[in-house]
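In what follows, a single structure is set out as structure tokens and then discussed.
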Amino acid sequence: MTIHKEGYTSIALCILFIFVSNALIQFYMPQATTFKWIVYILSFLLFVAVVYFFRSPSVDVISDEKAVLSPADGKVVSIEEVNEPEFLKGRSTKISIAISPLNTHTNRNPVKGTVKYVNTDGHTTIAVENAAGTPIVYRQIPGFSKRIITYVKQGDAVEQGQKFGFSMLGSKLEVFLPIGTNVDVDVDDAVKGGHTILARLKS
């Protein structure tokens, strides 16, 4: 299992915390056998939880110029026609994906193309134009931690399914598509980043 690079520091700090806390308990409470075993078990579970959160398994990306892939693992929570004022400045079909703590938090580009717009003010909005000139907008919405990470910048050429960021606890991803796009998912569907086809573009 691969660990996402955003997890290196957190895992190192977790190991340091476990080592120090267990060493102190061993030094000051050498006779408290039952308590020490409880702490050992809790320490192990904490380590497993942190590693699990930052896991980044490989994905067999389905590359298709007409397809819009899911940018993240999670569940489709809404599909609606909305106004997208930030880049498209008009009506679009929005697909919202909620990421649970048990999902992989790696974010992947839903289409191949050129990054035309990046805005990191509070949330992160990215617009990518594909080879046919169709703009696809996707947005990272921060969750409980109020922290999201984005690697792409305006002018970058991106590949479909390529990692573009990382979302923390309680985050959500939104994908904005041209009106009339054939949506292939329904509300409550489970989706996999870089693998599940959300929709198919007409051009």
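Which one of these is among the polar types (S, T, N, Q) and either touching a His at 6+ places or on another chain (Cβ under 6 Å) or within 26 Å of VAL48 (Cβ to Cβ) (or both): THR114, THR106, THR150, THR120?
None of the other options fit; the residue is THR106.
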Within region 125-132, can one find any residue that is touching a residue at least 40 places away in the same chain (Cβ under 8 Å), assigned to a strand (DSSP E or B), in contact with an Asp or Glu (Cβ under 6 Å, 6 or more places away or on another chain) and of a type in the set (A, V, I, L, M)? no
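Take the conditions under 13 Å from SER167 (Cα atoms), of a type in the set (Ser, Thr, Tyr) and either surrounded by 18 or more Cβ atoms within 10 Å (Cβ to Cβ) or in contact with a helix residue (DSSP H, G or I) (Cβ under 7 Å, 6 or more places away or on another chain) (or both) and apply them to THR134. Does it pass?
Criteria not met by THR134.
Go through region 143-185 and tell me which strands (runs of 3 or more DSSP E), entirely inside it, have 1 or more residues that are in contact with a Pro (Cβ under 7 Å, 6 or more places away or on another chain) and surrounded by 21 or more Cβ atoms within 10 Å (Cβ to Cβ).
Details: elements: 148-150, 163-167, 172-177.
Those strands (runs of 3 or more DSSP E) span 148-150, 172-177.
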State whether the residues of region 96-103 include one that is touching a residue at least 24 places away in the same chain (Cβ under 8 Å), at positive phi and under 20 Å from the mean Cα position of the chain (by Cα). no
Select, from SER92, SER43, the only residue that is among the hydroxyl-bearing types (Ser, Thr, Tyr) and assigned to a strand (DSSP E or B). SER92
Give region 186-203 a look and list any residue that's part of a strand (DSSP E or B) and more than 25 Å from ALA132 (Cβ to Cβ), or say none. ALA190
Within region 47-62, track down each residue that is farther than 18 Å from SER100 by Cα and either in contact with a helix residue (DSSP H, G or I) (Cβ under 8 Å, 6 or more places away or on another chain) or assigned by TED's automatic domain parsing to the domain that holds MET168 (or both). PHE47
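The values are calculated or read from the model by the stated rules, or taken from the named source; none is laboratory data. Treat the numbers as computed from the prediction; the structure is a model and nothing was measured. All Cβ positions, even for glycine, are placed from backbone atoms using ideal geometry, and neighbour counts span all protein chains on display.
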